[in-house]
Each structure stands twice: as structure tokens, then as C-alpha cells.
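Shown next, in C-alpha cells, is the structure this report addresses.
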Amino acid sequence: MYIVKRLRLFALLVAAVLLTGCTKAAEEANDPELLLGFSQVGSESAWRIGNTKDIENSAAQYGVSLMFENANQSQENQIAAIRRFIAYKVDVIAFSPIVEDGWDNVLMEAKEAGIPVVLVDRTIETEKEDLTACLIGADFYNEGVMAAEYLIRKADSLGLDHVNIVEITGTENSTPMLQRQAGFADTIADDERMHILESIDGDFLKSRGAECMRYLLETYGDDIDVVYSHNDEMTLGALPEIEKTDMIPGRDIIIISIDGGQEAIDVLKEGKINCVVECTPNLGSELMETALKLKEGEPVDAVIHPTEQVFSDEMDVSTIGPRGY
Ligand code: AHR
């Protein structure tokens, strides 16, 4: 009888401990350390899809509860998403602005609500102070510089004395478009061999890359020596158009791309792209660490740029490992 009583008491104690544990786990699930609202630009490229995946995986890894909204390439949708995050009283807002202008009003609302805002991937243009806490994203200007430096080396090695370039740019007025264009233009400015025949808006889309390339080939034909394309998606759209002519990309036309996704790297290995400047989409862990600091009121770096590299026919391309996006 005594033993039965002791066993009952032991069972009750075990149940109590388990119950307390469960309640605590349930409390933590309902009340995560951080609620982060993130508005993504869209799904226009392998880069963007990789970036979304990385942010979702990092949120899970850091125990951050993520409210994710895809704006499907619309600034209006992004503004509406940010307003929903404010109404929901998230701890931190993050977003990748599709274009640089037009954010002042909604960011003032976030500021008035006391919610810190992190810019991811792209920046904004504003006269107002302290609308955002920081920027986590690539140094797009330097990507343009690295693309141009490759071209100058390539022209030297081929002994070219006149180089006609066509540029297929990303979404008009977006940070990567503006800065990749400026970095490239500034770097070739003093090289008299370099001539930009035309810059044309490809909106970071594969279909637009194909359309732009069709137009450029119709207009300039085999005068084109170089295609400088602001992302892999547009490059991959442009290549089949060149292949429809009697020119071979990578041999008759120098192809320079930006991003470094798996598909473009495979094509670089086939020799149809000459150079790919890396732009990493893996910004998730920096974002989670920064958001956690902001929630605690800790200081954060104003600008965080990941380190990036150049993949090109100047190297042994067989050594490039899987890209993951
Ligand atoms: O903002 C980063 C750019 O946006 C990437 O280069 C491009 O692929 C994406 O759509």
C-alpha cells in the first residue's frame, strides 16, 4: 500500500514537471523572441527566390517569427504590406525596396509607431533623417566596377582597340540598376577603347532580356562586342537570341553578367558567358542578428556589405562549387 502511494506521488510529480515544460514551450511558441515583418520585392529571378529561401530558413534557425509578404514587383503592394506590419505591431520591419523613391510617408508612419526598419538588399532615396536603422545588402557600385575591370583586362588580353558595349539594365530607378550602371560607367570612363552603344531597361526579367537582345541585334548587329547585363536572368534570356544569329556568345560577343546563380555558372563553364560577378542573396543571418539587436535597443552597423567575388574565364571554372541558388 505504502509503495503504491509513493508511486502515485512520483507519477504526479512527473506529470507536473512535464506540464510546466509544455506550458513554457507553448508560451515561447506564442511569444517568440522577435516578430519580424518582411516585404519581399517579388520572385523575378533565381537570386530573389534564393534570397526568400535564405530569409525564411534563417528566421527558423534564429527562432524569429516571420510575417512574410511578397509584393509581386509592385511598390504599392510593398507600402500596403508595411502598413499591415505597423498595424500588427511587429517588433521590426524589413523590406527590399523595389525602387529608391516614394517611401517617406510609410516610413514616417513606422517611425511614429516606434518600429525600427531595416533595408535589405536595396536602399532608398530620401531627404528625411533616421527613417531606417541600417542597410544589409551588396555593394552594387563595386559590382559594376568589378564587371568593368574584367572587361578592361579582357580587352587587353585580346588586343582590342575599339569595344562596342550594349548594356541591359535592371529595374529602372532600383539601387542595383543605378549603382551597377554607375560603377561600370565610371570605371571605363578613362579607357578610350570603350563605347556604350545603348543601355536598355530589361527589368531584371528573363523575358525582357530576350526582347532587349532581339532589339539590340536588329539595331547594331555584329557591331556588338560586349553584352553587359545587370543580372543572370536577363543574360539567360539574351543568350538564345545571340545563338539564333551566326555569332557565338562567349567567343564573338563577350558576355558579362551579375548574380552568380547556378544556371549562369553552368553556362560560364560551357564558355557561353565570360564573366559573372557574384551578388550573394544570403543575407538572412545578418538580418536576424540585426533585428534581434534592434529589438533589444542595441546599436547596429549602418551598412553591412557581404564579401563578393568574380567568376570568369580567367580562372579554372571547374573549381567553382555548387551555388545553392
Ligand atoms: O537587388 C538584387 C537584384 O535583384 C539581383 O541582381 C537580381 O537578380 C534581382 O532580381
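A Förster radius of 56 Å, combined with the Cβ-Cβ distance separating N57 from Y220, puts the computed FRET efficiency at roughly 0.80.
Each other residue within a Cβ distance under 11 Å of M177 adds +1 if Lys or Arg and -1 if Asp or Glu, for a net charge of -3.
Each DSSP beta bridge with both residues in the chain is either parallel or antiparallel, and the antiparallel ones are about 10%. For the chain, what is the mean residue ellipticity at 222 nm derived from helices alone (per DSSP H run of n ≥ 4: -39500 (n - 2.57); sum divided by total residues; nearest 500 deg cm²/dmol)? Computed ellipticity for the chain at 222 nm equals -15000 deg cm²/dmol.
Charged neighbours of C134, selected by a Cβ distance under 10 Å, balance to -1 (K, R count +1; D, E count -1).
Pairs of Lys residues in the chain, spaced 8 or more positions apart or belonging to different chains, with C-alpha separations under 22 angstrom: 15 in total. Heavy-atom accessible surface of the range 103-187, averaged per residue, reaches 40 Å², computed with a 1.4 Å probe.
Here the convex hull built on the C-alpha positions of the chain has a volume of 172 cubic angstrom per residue. Highest GNM mean-square fluctuation among G297, G63, G260, for the chain modelled with Cα contacts below 10 Å: G297.
Near G42, the amide H atoms lying under 5 Å from its own belong to A71, N72, Q73; only residues 5 or more places off or on other chains count, and H is placed 1.01 Å from N. Give the shape of the range 140-279 as rounded, prolate or oblate, defined through the alpha-carbon gyration tensor: a ≥ b ≥ c are the square roots of its eigenvalues, a/c under 1.5 means rounded, and otherwise the shape is prolate if a/b is larger than b/c and oblate if not. It comes out rounded by the Cα gyration axes.
Gain on full extension, evaluated as 0.36 nm per residue between S285 and A80 minus their Cα-Cα distance, stands at 71.2 nm. Among D246, D266, D222, the largest mean-square fluctuation in a Gaussian network model of the chain (Cα springs under 10 Å) belongs to D246.
The values are calculated or read from the model by the stated rules, or taken from the named source; none is laboratory data. Predicted model, so just to flag it, every value in this text is computed and none were measured. Glycine gets a Cβ as well: all are built from the backbone with ideal geometry, and neighbour counts include every protein chain shown. Heads up: the accessible areas ignore ligands, DNA and RNA and are worked out on the full protein's heavy atoms, side chains in. Shrake-Rupley method; radii C 1.70, N 1.55, O 1.52, S 1.80 Å.
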